[in-house]
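Step one of this worksheet: look at the structure below.
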Amino acid sequence: MSNTTPLVTRLIELYKDSEFKAEFTQNYLKHGASLTTIDNEYTLAFKMINNSVATATVPALSSVSSHKLKRILLSISSTGLSFEPMKKHFYLSTQISTSGALEPLFILGYRGMRYHAAKSDLVDNILCDVVFESDSFTWLGNDTRPLFSSPSSRENDDIVCAFVLVIL
C-alpha cells in the first residue's frame, strides 16, 4: 500500500515524462547550456513546484494541472532563465483567473530582465544598486551616470530608491 497522494503521483509522472523532458532539454540546449546544467534546471523546476506552499489566498503550484505546468515550464526553459533560487530570475506562483480556473503566475524578476538584456548584442554592461538613507546619491539626468557612494554598514537604513544603468 502506497502513502503517495494522487497529487504527488501526478508530479512524479510529469517528472518522468520523457517527451516533456526532451523538449525542456532542447530549449536549454538552444541557449548553450550543458546537459549537466539542464539536468540541474529540470530538478530545480520540480523542487520549485514541490516547495510551493498554499496560503489562504494562493493555492500551491502543485495544484496546477499537469498540462499548465508543462506549458509554463517549457515557456521558462525556452527563454533560458534559470530555476536556481539564488539567481532570482523569476518567481512562480498561482492565481485564480476571472473564469475561476487555477493558473500558474510567472513574475519576471529584475535579475531575469538583466539576464535577457545582457544576452543582447546591444548591451555592454548593466549596473544596478539600491540606495539607502545613509548613502550619497545625486541624479544628474538621463544621459549621465549618477554620483553614488555608500558606507560599509547600512543595515538599519530605509531604502530610498534603486537605479539601473545600462551601458550600450
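Going by the conditions given, is residue 69 aliphatic (A, V, I, L, M) and in contact with a Ser or Thr (Cβ under 7 Å, 6 or more places away or on another chain)? Judged against the criteria, residue 69 is not a match. All of 145, 154 fail the test of being open to solvent by 80 Å² or more (accessible area, probe 1.4 Å) and either part of a loop (DSSP other than H, G, I, E, B) or free of Cβ contacts under 8 Å to residues at least 24 places away in the same chain (or both), apart from 145. Pairs meeting the criteria (first residue in the range 61-84 and among the basic types (Lys, Arg), second residue open to solvent by 30 Å² or more (accessible area, probe 1.4 Å) and assigned to a loop (DSSP other than H, G, I, E, B), beta carbons under 8 Å, at least 6 apart or on different chains) are 70/17.
Among the residues making up the range 80-133, a single one is closer than 23 Å to residue 70 by Cα, of a type in the set (Asp, Glu) and open to solvent by 50 Å² or more (accessible area, probe 1.4 Å): 84. Taken across the range 49-61, residues that are part of a helix (DSSP H, G or I), open to solvent by 50 Å² or more (accessible area, probe 1.4 Å) and within 22 Å of residue 11 (Cα to Cα) do occur, with at least one present. Restricting attention to the range 19-33, the residues that are closer than 21 Å to residue 119 by Cβ and open to solvent by less than 60 Å² (accessible area, probe 1.4 Å) add up to 5.
The values are calculated or read from the model by the stated rules, or taken from the named source; none is laboratory data. Note that the structure is a prediction, hence the values are computed from the model and not measured. All Cβ positions, glycine included, derive from the backbone under ideal geometry; neighbour counts span all protein chains shown. Ligands, DNA and RNA are stripped out before the accessible areas are found, and what is left, the full protein with its side chains, is counted by its heavy atoms. Shrake-Rupley method; radii C 1.70, N 1.55, O 1.52, S 1.80 Å.
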